[in-house]
1. Under the rule of at least 5 residues apart or a separate chain, name every residue whose amide H is placed under 5 Å from the amide H of Leu114.
2. Around Val4, what is the net charge, scoring Lys/Arg as +1 and Asp/Glu as -1 over all other residues with Cβ under 11 Å from its Cβ?
3. Which far-off residues, 5 or more places away or on another chain, put their amide H under 5 Å from the one on Arg9, with H placed in the peptide plane?
Amino acid sequence: MAYVVTLSRQFGSEGFEIAHLTAEKLGIEYLDKKIIERIADETGIEQEHIDSHDKHGEKFWQRNKMLFNLNSYDLNQQIFQKQKEIIREHAAEHSCLILGRSADAILADYPHVLNVYVYAPLNFRVSNVQRFYNLSQDDALAAIKRVDGQRNDYRKFFGHNVDRRQLMLDSSRFGVDGCVKMICTAVDVLFQAYQP
């Protein structure tokens, strides 16, 4: 039986590391950049534009600008539809872990999905972002607010307002390894698909 783990996260909560390690531990395909590469191959759209669209969402001023720029709006819709097609195709055929990209909403009608959300207190995230990106505390805080806001805007822009989280993990309490173990345990309970 194919199953899917979707993982969304707050910026600076170590969700990226948790996603990679979980996919490795479960022995399933990890999808993130591969989706962008495939969209580029199949549509001819440059990867930089797809990555910007997919990761940063649509800010308020961009959405209003799109009302007067149908080409830009159509391109964003084309990227999203192709992404949706790829995610659903993989979910139907292969067990995989998908990081972000509103995969929980795209697979809302798919029966074998575990939706995970990784979060952490702001001070923990600020410290992580400072260390990883070599930023000051103020710059790290600004980056967190910007990225979290962009991710929320992205979900809202494409109508993904329903909270489908099934497993919420505070990475500051459980650490990366603890979060990975809990996700793997949940996969075993739901799908009998993980043997430690």
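The numbers here are math on the coordinates, done by the rules we state, and not lab data. Remember, it's a predicted structure, so these values are computed and weren't measured experimentally. Don't worry about glycine lacking a Cβ; one is built from the backbone with ideal geometry, like all the others, and counts go over all protein chains shown.
1. Val4, Val5, Thr6
2. Summing Lys and Arg as +1 and Asp and Glu as -1 gives -2.
3. Answer set, sorted by chain and number: Val118.
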